[in-house]
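Structure first, commentary second.
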Amino acid sequence: MRPDKAKVVDEVWDEQRIRSFLDKAPLAKGMDPDFSALLYAYRSMRPSDFEVFINWFRQAGRNLEAENDHGETLLDIIEEHRLAQPFRDILQAAGASR
């Protein structure tokens, strides 16, 4: 870790904070907002918080299979991530497929 970055542990992830990820602007110009929200949540949340987010994401009618500009879904991208199994399980249980 960089010396100017403090390690954050035991962050509070309340309902308001998790829901706020539904309204985040895309990470890059032209990026699919649904893909961006999923990627941002995956990068930021613990699996338990991600599962809550995914439930709200689906209730909002958002697309679990949104793609980046290379035609990849979040499930495609995290397929090889060593510690991503809980996130893959959550996405697949919610209906995402490869």
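The values are calculated or read from the model by the stated rules, or taken from the named source; none is laboratory data. No experiment lies behind these values; they were computed from the predicted model shown. The area values use the complete protein model at the heavy-atom level, side chains included, leaving out ligands, DNA and RNA. Shrake-Rupley method; radii C 1.70, N 1.55, O 1.52, S 1.80 Å.
Within the stretch 1-48, being open to solvent by less than 80 Å² (accessible area, probe 1.4 Å), modelled with pLDDT under 95 and among the acidic types (Asp, Glu) holds for Glu11, Asp14.
Scanning the stretch 49-80 for residues that are within 13 Å of Leu91 (Cα to Cα), assigned to a helix (DSSP H, G or I) and open to solvent by 70 Å² or more (accessible area, probe 1.4 Å) gives Glu51, Asn55, Arg58.
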